[in-house]
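Novice: Below is the structure I would like to discuss, written out as structure tokens.
The values are calculated or read from the model by the stated rules, or taken from the named source; none is laboratory data. In this text, all values refer to a predicted model and were calculated from it rather than measured experimentally. Ideal geometry is used to build each Cβ from the backbone, glycine not excepted, and the neighbour counts take in all protein chains shown.
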Amino acid sequence: MAENLLLQALSGLASASSLFLVAAGLTVIFGVTRIVNFAHGSLYMLGAYLAWTLVTALPRGPLGFWGGVLGAALLVGLIGVLVEVLLLRRIYRAPELFQLLATFGVVLIVQDLALLVWGPQDLLGPRAPGLRGSVEILGLRFPLYDLFLIAVGPAVLGLLLLLFHRTRWGTLVRAATQDREMVGALGVNQRLLFTSVFFLGACLAGLGGALQLPRESVNLHMDLAIIVEAFVVVVVGGLGSLVGAFLAALLIGELHAFGILVFPRITLVLVFLVMAVVLVLRPHGLLGRPPEAPPAGAGGAEPPLRPAPPALRRLGAAALAAAVLLPPFADAYALSVLTEMAIFVLFAASLHFIMGPGGMASFGHAAYFGLGAYAAALLAKWAAAPMAAGLLLAPFAAGLFGLLFGWFCVRLSGVYAAMLTLAFAQIAWSVAFQWVEVTGGDNGILGVWPDAWAADPLAYYYLTLAFCLGATLLLRRVLHAPFGYALRAQRDSPLRAEALGVDAFQVRWLAFSLAALAAGIAGGFFAYAKGSVFPTALSIPRSVDALLMVLLGGVRTLSGPIVGAIAFTGLQEQLMRLVELWRLALGAVIVALVLFFPQGLAGAARAAYERRHGPAGA
Amino acid sequence: MSDTILETEGLTKEFRGFVAVSDVDLRVRRGTIHGLIGPNGAGKTTCFNLLTKFLQPTRGTIRYDGRDITGKKPAEVARLGLVRSFQISAVFPHLTVLENVRVALQRQRGGSFDFWRSETLLRQYDDRAMALLEDVGIAPYAHLQAGELPYGRKRALEIATTLALDPVMMLLDEPTAGMAHEDVDRIVALVKRVSAGRTVLLVEHNLRVVAGLCDTITVLTRGRVLAEGDYASVSRNPEVIAAYLGTEADKVGVPQHV
């Protein structure tokens, strides 16, 4: 038994090393550029693919192998430079969620490019020359390569610390991590510094990926799998802290190794639970510091909410009339798209509610959408309950979890809050994914069909439209209620709000729970519209969908999420139908959106309108 | 009803070994305007933040209106009628000027948690809000975004917002900091006017302001109380002069008007 535990601990250390390589790059990049690089996992995946190509192309032998691994790392570094120069350099001043979203666009693009170049099948690399065998430890065999990996982590940490503490460049990086503006004021070439930091970070990610080659097959799922764990490591360690990332990587690596022994079913939950606990006890991670300036709300400068200009009202009325009058003439496919649009309008509006007026960042809003969907589906499956009961339970379940998760999340702000919401969403996702007996795991829950009275697609569409639009309008009303003012007040100036006797925590908590409840309504209708629920309903891509809808429409206007949801659903539907590489197209759209329409579609339309007609509603 | 409204005992705040406020016993009499002055770094603002609960003291107690508020949260003391203003203008930049005041007024209704009410409910406060804006002279800007106001007018809005809570006691943090002369006079007159029926404690750097305004003045240096009394007695205190001018008092003489 003791031997087993030791081996398990050693294999945990080996995983911790790879995790550390990726997390180190992520944290160094964040420290200097303040960008949370979602595409870091893609760089890791590219490292593995490039290493496979180089190692199989180069002559066999130690030189070919190690040359291939290092070459892959350097190539990935150059790809990182490309991404930095073409994209990130232009959005350093954008709000955090925009940056996250832009880098997620890169994730999508890289996924399809990798699919184009290397194909969908898993690739197996050769073993490392000289490290093929295994050693005997307490009578059990342990792979030599894993021992080598265990040494790589501390070695890289040592080299990085030397680099940062013994060279002029390293000193500049540390200075920039502490105070970016000051370093700029001292005349340091920031562009060069940022680009070189990005090169280093990308190299580390590429190296991490390349070193995985002898351990596991290379596939297209590596990027999201590693990035979520790297986020956890970086956030637990404290954003920007190298030593913190190392400690956290050890913690998470071991947690995985032993979690499999003790709770094989809930290892993922365990990891995110640890992260949640750390963040509640130490809101800036183990070794992190509080950010220099209080982070602004997700939207940056935001005009006061004004009544919509008459033109927009007429447009809204016309759209509503079309939504009510035209569907009887639509075919089944169009009806299903329209139903989905109505659902996503509410989903997007509920996210906008906390992001825009609430000033809170959420990267895991799908949790509440999915919880609503699962609540309805589980009730239908296990209690054979009528649809009305399921639709009623959905918002309650989502709202309840909103209260629970929100209690933790609304204490934090900015990137940390976004990461904690992501963590909770991943907990919910892993429960749905791993608790196969109840949720059906990856196979989902099937046969969630509406009752006879709403079975007709047209009837179900009208039902959905009525409830989702009604809930969306209610959310708008809340923003103009006394509570809405308190919510916007605490976003604008938390100190002032406190001094007025507004309990900012309670206001944020209630807002978060209300948004969760609204997302739950949308989720319930989604389950019955699709007839089934899968773990994807609460996965990261679903959360990103919601963010895209809000940002596509524009976070600063109330009509933004509505426009965004309709545009996004239509766009995605068409892309998936017409374009083979729809991820590539969607990623390009995201990147273009962030670069050229930072105010979103509704924001841009409004700006154009006001240029011609003067300020609206004044 | 006791004569003292705010009282501290042995109030001390240390930041990692640095003692910012040390053993301060302060008594503010009900219905007076009390000034807290001192040179830069004397601990005025720290003291102020302790009183309004934005900082937690290392030692000592704070009693307000007969009850111990040492362990309370800022929002709680605000609801007890002890309301502060801020040195750096803290307005809600993305609300209009009128809405800024209305957010404070809606507090009178109790918690701001009723999310089901409509906005019409808030219209009833528009008149009162306009009156307050009139009072501080920024009524013409009522529908402007607060973030667009120039500095001096933000301070005026700040005071209007504080007044909107109808505080029993107002704590003003350097209400005239960074203002032009004519603005200073207007704010002094305003504070005098609104102090009727309330207690005011103000932190000031500008001696001209406290001279005409305060009934009692407490002078802080290096975190300690140096002197206390009316302006006449305090301004003649050689130690106070030394603290302000950084020299021995007898070499400087007593300034007539600082």
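Novice: Name the residue, out of A:P450, A:P482, that is more than 31 Å from the chain's Cα centre (by Cα), farther than 15 Å from A:I354 by Cβ and within 14 Å of chain B (Cβ to nearest Cβ).
Specialist: A:P482
Novice: Additional query: Considering A:R491, A:R496, which residue is more than 7 Å from chain B (Cβ to nearest Cβ), of a type in the set (D, E, K, R) and buried (at least 24 other Cβ atoms within 10 Å of the Cβ)?
Specialist: None of the others qualify; the one that does is A:R491.
Novice: Would the stretch A:196-212 turn up any residue that is modelled with pLDDT under 85 and either buried (at least 21 other Cβ atoms within 10 Å of the Cβ) or of a type in the set (S, T, N, Q) (or both)?
Specialist: no
Novice: Of all the residues that make up the stretch B:116-137, how many are modelled with pLDDT of 70 or more, aromatic (F, W, Y) and farther than 14 Å from B:A160 by Cα?
Specialist: Counting residues in the stretch B:116-137 that are modelled with pLDDT of 70 or more, aromatic (F, W, Y) and farther than 14 Å from B:A160 by Cα gives 0.
Novice: Taking only the stretch B:65-91 into account, find how many residues are more than 9 Å from chain A (Cβ to nearest Cβ) and either buried (at least 23 other Cβ atoms within 10 Å of the Cβ) or assigned to a helix (DSSP H, G or I) (or both).
Specialist: Total satisfying the criteria: 1.
Novice: Could you tell me whether B:T176 is under 23 Å from B:C214 (Cβ atoms) and within 14 Å of another protein chain (Cβ to nearest Cβ)?
Specialist: The answer is no for B:T176.
Novice: What are the residues in the stretch B:78-90 that are modelled with pLDDT of 85 or more and out of contact with any Pro (no Cβ under 9 Å at 6 or more places or on another chain), if any?
Specialist: Hit for the stretch B:78-90 is B:L80, nothing else.
Novice: So which residues in the stretch B:92-115 are modelled with pLDDT of 85 or more and part of a loop (DSSP other than H, G, I, E, B)?
Specialist: Across the stretch B:92-115, the qualifying residues are B:F92, B:P93, B:H94, B:L95.
Novice: Out of (1) part of a helix (DSSP H, G or I); (2) buried (at least 24 other Cβ atoms within 10 Å of the Cβ), what's the single condition that is false for A:T557?
Specialist: Result: A:T557 fails condition (1) only.
Novice: Out of A:L420, A:L458, I need the residue that is of a type outside the set (S, T, Y) and out of contact with any Leu (no Cβ under 6 Å at 6 or more places or on another chain). Which one?
Specialist: Selected residue: A:L458, the only one of A:L420, A:L458 that is of a type outside the set (S, T, Y) and out of contact with any Leu (no Cβ under 6 Å at 6 or more places or on another chain).
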